[in-house]
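Asker: Dropping a structure here in structure tokens format, bear with me for questions.
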Amino acid sequence: MAHSFADANVDPDDDFSLPGWLYTDPEYYEVEVARVIRPSWQIVCHESDIPGAGDYHTLDYIGESVIAIRGTDGQIRAFTNVCRHRAMRLVEGPVGCAKKLVCPYHAWTYEADGRLSGVPMKSDYPALDTSKHGLAPVDVEIWRGFVFVRLEDAGGPSVAAMMAPYEAEIDPYRFNEMRTISPVRLRPRAVNWKNVGDNYSDGLHIPVAHPGLTRLFGKSYAIEAQPWVDKMSGYLSDRPGNLWEDFYRRNLPHAPHLPEENQKLWLYYKLWPNQAFDIYSDQIDFMQWLPLSPTTCVLREMAFALPDDRREMKLVRYANWRINRMVNAEDTWLITNVQKGMASQSYAVGPLGRSEVCLRSFARKIREAIPEARQHVPPPAGWSRRPRVVD
């Protein structure tokens, strides 16, 4: 297994994992949602999923609902899915099309650019200024054809800036030209959201807990950490595997848009703080792990690919899904049992090896955002409501 070691800052906590109480504590969870999740970018869809004026996708997480909608001018904007009159949800469901967003409660009407354009009995509202009661905007970034939103701007980097170290590497995959091949799937998990991400970037468990991936990659699996993104990768080997592994390797069609060295390369990127995309020569998969509570989350998954009607490509994509279904089942068992262990009073922190560069990088950023995360045991209740002491 190859590694790229991150710079080791002189920090006594660098050699230790995040403490277990961060994976179960309700008070800490509320702070983490505010300081980590709300200011972070989250993928909604591909821009081709909302091709025409009024087409929209929604994303529901941490108590908010966001609408990403294309206006009559072709621009994609995002707003909270909340009427400014009585807080009614304007739309339901993950996708739709609406030339105007009409509230189903009192018929307040909004344009696709967020303007409030219609109010029944408008003269009945003496304090109403329609110019100040448009939909609440949400930050949008279009990165290589994918639509990302952010609830708050806390000065963090853009998606493009986070992915900058790998732009040349992913450029041949032509993300902008991809189309959705699998609709959004939601899969609840009885684990803290960080457990999903920790496991995703953990390279040491691959040869122990994933026999299929070990057969596929041999000893080529590698991990590395950049400031805002982790990278994992492996090359398909010729080692015999099970039915679906062998079928996939034998029948994988040549991808003419990719360099030869990428034909049998599987790439994994985890983008801070809670989403990842798996890149294969046949397709790419996006996954988010969205917090629901201190001990639960939901996986939100989508798949995209360049248009390709070849029969062998369809069969290979099915084999890919079968392989990864087994990997997902193995990971679910792992993270579920890790979550149980995090609740044990016998666990505080664990040592991190020098090779665990991705876990080190993630823990470092969590500690920077929430200094209390350095404490091996939870502080007294109410700590988050006390004045913060600034050195």
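Asker: Restricting attention to region 236-261, which residues are touching a residue at least 24 places away in the same chain (Cβ under 8 Å), open to solvent by 30 Å² or more (accessible area, probe 1.4 Å) and in contact with a Pro (Cβ under 8 Å, 6 or more places away or on another chain)?
Answerer: Result: H257, P259.
Asker: If K264 satisfies every condition in (1) over 18 Å from D171 (Cα atoms); (2) basic (K, R); (3) buried (at least 17 other Cβ atoms within 10 Å of the Cβ) but one, which is the exception?
Answerer: (1)
Asker: Still on this structure, I have one more. Restricting attention to region 33-71, which residues are of a type in the set (A, V, I, L, M), open to solvent by less than 10 Å² (accessible area, probe 1.4 Å) and outside any helix (DSSP H, G or I)?
Answerer: I43, V44, I50, L59, V66, I67, A68, I69
Asker: With the structure loaded, tell me whether A343 is open to solvent by less than 40 Å² (accessible area, probe 1.4 Å) and either small (G, A, S) or on the phi > 0 side of the Ramachandran plot (or both) or whether it fails that test.
Answerer: no
Asker: While we're here: Would you confirm whether any residue within region 85-96 is open to solvent by less than 80 Å² (accessible area, probe 1.4 Å) and over 28 Å from E301 (Cα atoms)?
Answerer: Yes; the residues of region 85-96 include at least one that is open to solvent by less than 80 Å² (accessible area, probe 1.4 Å) and over 28 Å from E301 (Cα atoms).
Asker: From the list D285, D278, D309, which one is assigned to a loop (DSSP other than H, G, I, E, B), open to solvent by 10 Å² or more (accessible area, probe 1.4 Å), of a type in the set (D, E, K, R) and out of contact with any helix residue (DSSP H, G or I) (no Cβ under 6 Å at 6 or more places or on another chain)?
Answerer: The match here is D309.
Asker: Yes or no: P273 more than 21 Å from Y173 (Cα to Cα), assigned to a loop (DSSP other than H, G, I, E, B) and touching a helix residue (DSSP H, G or I) at 6+ places or on another chain (Cβ under 7 Å)?
Answerer: Yes, satisfied.
Asker: Which condition number in (1) outside any helix (DSSP H, G or I); (2) surrounded by fewer than 16 Cβ atoms within 10 Å (Cβ to Cβ); (3) not aliphatic (A, V, I, L, M) is the one that S131 fails?
Answerer: (1)
The values are calculated or read from the model by the stated rules, or taken from the named source; none is laboratory data. What you see is a predicted model; the values in this text were computed from it and never measured. Neighbour counts are summed over all protein chains in view; Cβ atoms, including those assigned to glycine, are modelled from backbone coordinates with ideal geometry. Just so you know, the surface numbers come from the protein's heavy atoms only, side chains and all, with ligands and any DNA or RNA stripped out. Shrake-Rupley method; radii C 1.70, N 1.55, O 1.52, S 1.80 Å.
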